[in-house]
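Notes to accompany the following structure.
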Ligand SMILES: Cc1cc2nc3c(=O)[nH]c(=O)nc-3n(C[C@H](O)[C@H](O)[C@H](O)COP(=O)(O)O)c2cc1C
């Protein structure tokens with residue numbers, strides 16, 4: 001039996017996780033948010049982690065998940081999806097697993113459209129086409145229980161400077177973790193609440209209210225059909241809105 005724990009805002013990592021799960025036998029998918037709400041001893045032989053790169057590192061919520069993870073898999077893999085630069089995300093994952101006496105047997109990166117910087121549609125299409133063979137190869141490697149960790153690279157610049165400077169810029173300059181809703185645009189559909197893997201959004205009088213447990217995944221921002229949600233100074237118009245074209249709302253609702 002296998003399990004893939006994932007975090008996904010715009011669907012890139014969920015899509016990669018689904019493709020890997022299809023090639024593995026008897027594999028279930030679970031969000032890191034769900035595991036954090038209710039940690040339990042994982043008895044699966046194969047454990048995978050699929051998530052995006054944030055600020056040249058793992059998303060903080062994934063780092064938290066790895067600290068909470070109780071597992072002794074025979075085979076463990078990590079795949080990160082990214083707009084262009086993983087920094088030291090896989091190194092961080094391998095170190096966090098090693099602290100739990102779990103060996104990372106296979107690690108890989110996949111370039112997919114960046115959901116932070118809006119990128120032009122034609123470029124997105126090309127990136128998604130280019131990602132397809134990489135994801136297929138990764139899925140095959142994992143199904144074959146291949147050992148390959150060349151993608152686990154130290155990057156001290158990101159460790160000591162890049163990650164904290166990037167977070168500082170996002171939080172203090174862009175104020176991007178200050179999620180707000182334009183009440184005039186919001187129609188109270190509740191999609192933001194459905195796609196929030198941290199269960200951090202509640203609807204009060206038909207409008208979203210954001211709690212203090214945001215994973216910064218921008219899922220609510222991208223999935224809002226009214227473009228009513230802003231992330232600090234990141235204000236969405238339709239040209240910036242991106243969700244993976246093969247992922248739908250039902251899939252995003254996850255567990
Ligand atoms: C807060 C934030 C920070 C990001 N930082 C990076 C980064 O440092 N390097 C990079 O290549 N992509 C970065 N990205 C882009 C995502 O890693 C990429 O688009 C990923 O595929 C999104 O996956 P998802 O759709 O599963 O959430 C960042 C995205 C967000 C939301």
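The values are calculated or read from the model by the stated rules, or taken from the named source; none is laboratory data. It should be emphasised that the depicted structure is a prediction, and the values quoted were computed from it without experimental measurement. Cβ atoms come from the backbone with ideal geometry, glycine included; neighbour counts cover every protein chain shown.
Give me the helices (runs of 4 or more DSSP H) completely within the range 138-255, filtered to those with at least 1 residues that are without any contact (Cβ under 8 Å) to a residue 12 or more places away in the chain and loosely packed, with under 15 Cβ neighbours inside 10 Å, ordered by residue number. Before you say what the answer is, go through the steps one by one.
On the way: elements: 163-168, 191-195, 219-223, 249-253.
Fully inside the range 138-255 and qualifying: 163-168, 249-253.
Residues to consider are 109, 103; find the one that is closer than 18 Å to residue 141 by Cβ, surrounded by fewer than 23 Cβ atoms within 10 Å (Cβ to Cβ) and within 13 Å of the ligand (Cβ to nearest atom).
Numbers: 103 fails: within 13 Å of the ligand (Cβ to nearest atom).
Exactly one of 109, 103 is closer than 18 Å to residue 141 by Cβ, surrounded by fewer than 23 Cβ atoms within 10 Å (Cβ to Cβ) and within 13 Å of the ligand (Cβ to nearest atom), namely 109.
Against the condition touching a strand residue (DSSP E or B) at 6+ places or on another chain (Cβ under 9 Å), surrounded by fewer than 20 Cβ atoms within 10 Å (Cβ to Cβ), more than 20 Å from residue 213 (Cβ to Cβ) and touching a residue at least 12 places away in the same chain (Cβ under 8 Å), how does residue 45 come out, does it pass?
Details: touching a strand residue (DSSP E or B) at 6+ places or on another chain (Cβ under 9 Å): yes; surrounded by fewer than 20 Cβ atoms within 10 Å (Cβ to Cβ): yes; more than 20 Å from residue 213 (Cβ to Cβ): yes; touching a residue at least 12 places away in the same chain (Cβ under 8 Å): yes.
Here the answer is yes, as residue 45 does meet what is asked.
How many residues, within the range 94-137, are assigned to a loop (DSSP other than H, G, I, E, B) and either in contact with a strand residue (DSSP E or B) (Cβ under 7 Å, 6 or more places away or on another chain) or closer than 19 Å to residue 3 by Cβ (or both)?
Step one: of the range 94-137, the residues assigned to a loop (DSSP other than H, G, I, E, B) are 99-105, 112-120.
So of that shortlist, the ones also either in contact with a strand residue (DSSP E or B) (Cβ under 7 Å, 6 or more places away or on another chain) or closer than 19 Å to residue 3 by Cβ (or both) come out as 100-105, 112.
Total meeting the criteria: 7.
Residues being more than 24 Å from residue 54 (Cβ to Cβ) and within 14 Å of the ligand (Cβ to nearest atom): count how many of those fall in the range 112-142.
0
What's the number of the only condition in (1) within 27 Å of residue 249 (Cα to Cα); (2) within 16 Å of the ligand (Cβ to nearest atom); (3) not assigned by TED's automatic domain parsing to the domain that holds residue 92 that residue 205 fails to meet?
(2)
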